[in-house]
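Asker: Here you go, one structure.
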Amino acid sequence: MTTPHHPAMPDDLLAAARAAKGFMPDAEGAFLFERGVEAGRSGPLLEVGSYCGKSAVYLGAAARLTGTTVFTVDHHRGSEENQAGWEHHDPTLVDPDLGLMDTLPVFRRTIADAGLEDEVVAVVGRSVTVARHWRTPLALLFIDGGHGEEPAHTDYESWVPWVDRGGVLLIHDVFPDPRDGGRPPYEIYLRALEDGFDEVGVCGSMRALRRVDGQPGTPVSARTSG
Ligand code: SAH
Ligand code: MG
């Protein structure tokens with residue numbers, strides 16, 4: 001892949017992204033930012049799975065540079081792996097009255113501290129519910145929501161139809177070797193390759209694919225394996 005010259009992420013936003021709680025190594029965050037800058041002039045960006053706003057700062061920085069908007073979809077109640085007793089649980093992110101995870105206050109603080117409230121628009125709800133009413137072609141879609149079988153494939157089927165032709169799909173936590181991590185993100189990456197997307201980049205567990213075939217709004221093909 002030839003890499004065109006990219007503007008660097010502004011220092012204050014880079015510091016905000018690095019300081020934010022979350023699951024995005026620096027190099028993958030930089031990769032996300034660069035793909036956002038490439039896509040942002042063509043339309044809006046959307047991420048599924050925001051948690052405390054770390055990846056949203058990288059995408060928000062790209063949105064600011066290109067004059068677009070990032071929509072961040074999350075119910076803010078955590079994935080299965082974020083719940084009490086699981087590997088990625090953080091007890092400071094529990095609403096004590098409800099006894100449920102609530103990452104929305106931390107998310108808002110992250111975005112406010114970064115000064116990105118004009119660029120980053122939080123949509124709070126289940127991914128499938130939001131997608132049911134979504135009608136806007138996306139210049140970039142970043143999938144980093146629930147990593148289980150059902151949530152990953154549902155996110156794929158719900159949101160990938162809205163990637164514009166020429167637009168970019170980014171999938172996080174793609175591990176071709178099962179010893180490195182769970183299968184579902186890898187499975188949906190394989191589906192994208194069958195559904196008119198070409199791989200255009202990789203950084204760590206992040207894969208970038210470009211939609212070279214198909215029209216936004218048309219369903220992806222049915223799942224055949226997995
Ligand atoms: N991108 C984040 C990490 C996301 S973690 C970062 O940079 O750190 C995964 C997130 O997906 C969690 O916040 C969880 O609440 C959300 N999530 C999981 N399943 C979801 C669903 N079905 N609908 C909406 N959000 C979901
Ligand atoms: Mg992830």
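Read the figures in this text as sums done on the coordinates, not as results from a lab. In this text the structure is predicted, and so the values were computed from the model without any measurement. A quick note on method: Cβ atoms are made from the backbone with ideal geometry, for glycine too, and the neighbour counts reach across all protein chains shown.
Asker: What FRET efficiency, computed as 1/(1 + (r/R0)^6) with R0 = 30 Å and r the Cβ-Cβ distance, is obtained for residue 80 and residue 218, rounded to the nearest 0.05?
Answerer: Computed FRET efficiency for residue 80 and residue 218 comes out at 0.50.
Asker: Pairs of alpha-carbon atoms within less than 8 angstrom and 6+ residues apart define the contacts here; what relative contact order does the chain have, in percent?
Answerer: Taking the mean separation of contacting Cα pairs over the length of the chain, I get 19 percent.
Asker: Could you run the Karplus curve 6.51 cos²θ - 1.76 cosθ + 1.60 with θ = phi - 60° over region 118-126 and give me ³J(HN,Hα) per residue in whole Hz, x for Gly and Pro?
Answerer: 7, 9, 10, 10, 7, 10, 9, x, 5
Asker: Percent of Cα-Cα pairs more than 30 Å apart in the chain, please.
Answerer: Result: 17 percent of Cα pairs exceed 30 Å.
Asker: What does the net charge come to around residue 168 if you take all other residues with beta carbon closer than 15 Å to its beta carbon, with K and R at +1 and D and E at -1?
Answerer: -4
Asker: Another question about this same structure. What are the trypsin sites (Lys or Arg not before Pro) within region 120-226 that DSSP puts in a loop, where the Cβ has at most 11 other Cβ atoms within 10 Å?
Answerer: Counting only loop positions with at most 11 other Cβ atoms within 10 Å, the trypsin sites (Lys or Arg not before Pro) in region 120-226 are 135.
Asker: Which one of 31, 10, 51 is farthest out on the positive end of the charge dipole of region 7-62, using unit charges on Cβ (Lys, Arg +1; Asp, Glu -1) and the Cα centre as origin?
Answerer: Of the listed residues, the answer is 51.
Asker: Would you list 127, 55 from fewest to most Cβ contacts within 10 Å?
Answerer: Final ranking by Cβ density, sparse to dense: 127, 55.
Asker: Follow-up. Counting other C-beta atoms within 10 Å, which of 21, 54 has the fewest, and how do the rest follow?
Answerer: 21, 54
Asker: Next question, about the same structure. Can you pull out the GluC sites (Glu not before Pro) in region 114-215 whose DSSP state is coil and whose Cβ has at most 13 other Cβ atoms within 10 Å?
Answerer: 117
Asker: Further question: Can you tell me how much longer the chain between residue 136 and residue 15 gets when fully stretched, taken as 0.36 nm per residue apart minus their C-alpha distance, in nm with one decimal?
Answerer: Taking residue 136 through residue 15 to full extension adds about 40.4 nm, to one decimal.
Asker: In what order do 98, 93, 46 fall by count of nearby beta-carbon atoms within 10 Å, going from fewest to most?
Answerer: Ordered from fewest to most neighbouring Cβ atoms within 10 Å, 98, 93, 46 come out as 98, 93, 46.
Asker: In whole angstrom, note down how far apart the Cα centers of region 196-219 and region 55-119 are.
Answerer: After rounding, the separation between the Cα centres reads 25 Å.
Asker: Follow-up question, since we're still on this one. Tally Lys and Arg at +1 and Asp and Glu at -1 over the other residues with C-beta under 11 Å from the C-beta of residue 48: what net charge comes out?
Answerer: -3
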